[in-house]
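Beneath this line is the structure, given in structure tokens, with notes to follow.
The values are calculated or read from the model by the stated rules, or taken from the named source; none is laboratory data. Here the structure is a predicted model, which is why all the values come from computation and not from measurement. Note that each Cβ is placed from the backbone with ideal geometry, even for glycine, and that neighbours are counted across all protein chains shown. When the accessible area is computed, the model is the full protein with side chains, heavy atoms only, and any ligands, DNA or RNA have been set aside. Shrake-Rupley method; radii C 1.70, N 1.55, O 1.52, S 1.80 Å.
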Amino acid sequence: MFLARVCGAFVLLALGFAAPAWANPADILLVNGRIVTLDATSEINEALAIEAGRITATGRTDEMRKLAGADTKIIDLNGRTVIPGLIDSHIHAIRAGFRYASELHWDGATNIGEAMERLRSAAAHARPGAWLIVAAGWTPRQFTESRRPTEAEIAAVAGEHPVYIQLFYGSMLINAMGRETLGITSEEDLPGAKFERDGEGAPSGWIAGTGAVITSTYSRLPKPNMEEAIDGTRRFLRELSGLGITGVIDPGGHNLDPQDYAALFRLWREQSLPLRVVYSIFAPRPGKELEDFQTYTKFLPMGTGDDWWRFNGTGECITWGMYNNETPDEADKQAFYRVALWAAKEGMTLTVHWNNDGSVHHLLDVLERVNREVPIAGLRWSIAHLHDASDSSLQRMKALGVGWLMQDGLYFSAPTYIAERGPTQMRRTPPIVSALRLALPVGGGTDANRVMVPNPFVSLRWMLDGRTVDGIATRGSEEIPSREEALRIYTQGSAWFAHDEGRRGRLMPGMLADLAVLSEDYFSVPLSRIAQIHSLLTMVGGKIVYAADPFSDLDPAHSR
């Protein structure tokens, strides 16, 4: 009977009726805003009440104020828009945080001079002989010069420091001191690499190579110590909080060893995480995948953790023979099948990195084989990337109950894609509307930070206009979602992959109070300005984790 009264009260409050006299006072009230609930009717409310980390009511400001008690914190939004907290469904946040304090970043730099100034500043503050590393989130197309920096430009600002600069997973610049430090004198010292040369035949400093060459070279660079790793993780996750991100789903990745998770775990133990982290295990050793997964998960069953940190199964590399391999043989498929079948029997969620539709039938064949033995629809399996997914592949995924993790990688790399595939294919890449029409689970994300910046509003704008970092129009209007559809992908869509769609992604009574108060209204601001939106106030479970003017006095950083 009591439960019925509580549920009835929630319904009344959601419809704007006064709270009954016996209702508990709210811990926090957000009033005078535009609360985007993303419920079934896309209702916009003025105010929202939070108690014990969950939303208890939404409605008109005058009605919500009746829920205030002596200790209720009331935050006047002054007309600002509030959205459900954004969830990046595929981001290498743990690796990014681990390295964040020991690397520098060119996110947002618009010309080479600005990038070099950041390098100069880093050199001035670094320990003598310390490496200067730029390993993530930039492209020559973001610079007005539309080119990579030269070794001469690097030498002019780096001083007596070895330098490593990585461009995606295809090339890297290592300056003369860096090459000397690593003992690299010729291509023979890096099998599979090719030294690029200038017009006079001298090495340019840039080295082209496969992903394996790049990642193995990066692994030779010094790792941050624990203090640096904790500082970097704290800083990177705070940056995400400032962008309205309240949750991430992390697929592991290259250059991330098991011991490198220690900084994240330390923050979790200290209850210092500013967002929810759901993560999976990336296969560590080629040929030992099943053995390693079985060992690692012996005391880490699916779902271990809490609301702030939780284990979510295996991926994005399940087996090395089916990772970035367009032509797997039967032995590769059999090895993948063994691991996938084990994961299905263990009730594990599984996510798979796959780039191209032309070869994804190899993967789907194996998934269908597993599904015939152990139904996988309830396990929230997913395929990441697959920008050029065909209708046939999407339909096969839908039949299996497999979701699609879609990212904005083409914001940087579409011109290369167009050169390879042609403009006709580009018009439907990625096929966002086609996937939604099938009711396929779709999660939004970035795949940051090696290949993309982590800003979700850059991704949302790209979803809505298809334009690259240098302004090239790509995707056709038939595959452009509405603003609401794009936001749902980045909230409740992503939550599905964390088994949380019933608790996150909407601002409704009973849901976790994960939300962001925006600097501008996402629904009315000109499309070109969406990428400049950021959060002024971010809450996770009713806890304020980030605040900026005019709410900066509420920022938890002030109390540290």
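Structure summary
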| item | result |
| --- | --- |
| Residues of the stretch 70-102 that turn out to be assigned to a loop (DSSP other than H, G, I, E, B) and either buried (at least 21 other Cβ atoms within 10 Å of the Cβ) or more than 20 Å from the chain's Cα centre (by Cα) (or both), as a count | 13 |
| ASP260 vs. criteria open to solvent by 60 Å² or more (accessible area, probe 1.4 Å) and more than 17 Å from THR351 (Cα to Cα) | no |
| Residue match in the stretch 280-296 (condition: surrounded by 14 or more Cβ atoms within 10 Å (Cβ to Cβ), within 26 Å of ASP514 (Cβ to Cβ) and among the β-branched types (Val, Ile, Thr)) | yes |
| Any hit, the stretch 303-318, residues being at pLDDT 95 or above, surrounded by 21 or more Cβ atoms within 10 Å (Cβ to Cβ) and of a type in the set (S, T, N, Q) | yes |
| Residue in the stretch 272-279 that is open to solvent by less than 40 Å² (accessible area, probe 1.4 Å), assigned to a strand (DSSP E or B) and among the β-branched types (Val, Ile, Thr) present | yes |
| Filter result for SER121 (more than 28 Å from LEU487 (Cβ to Cβ), of a type in the set (Ser, Thr, Tyr) and surrounded by fewer than 16 Cβ atoms within 10 Å (Cβ to Cβ)) | yes |
| The stretch 216-247, subset over 22 Å from the mean Cα position of the chain (by Cα) and hydrophobic (A, V, I, L, M, F, W, C), residue least open to solvent (accessible area, probe 1.4 Å) | LEU221 |
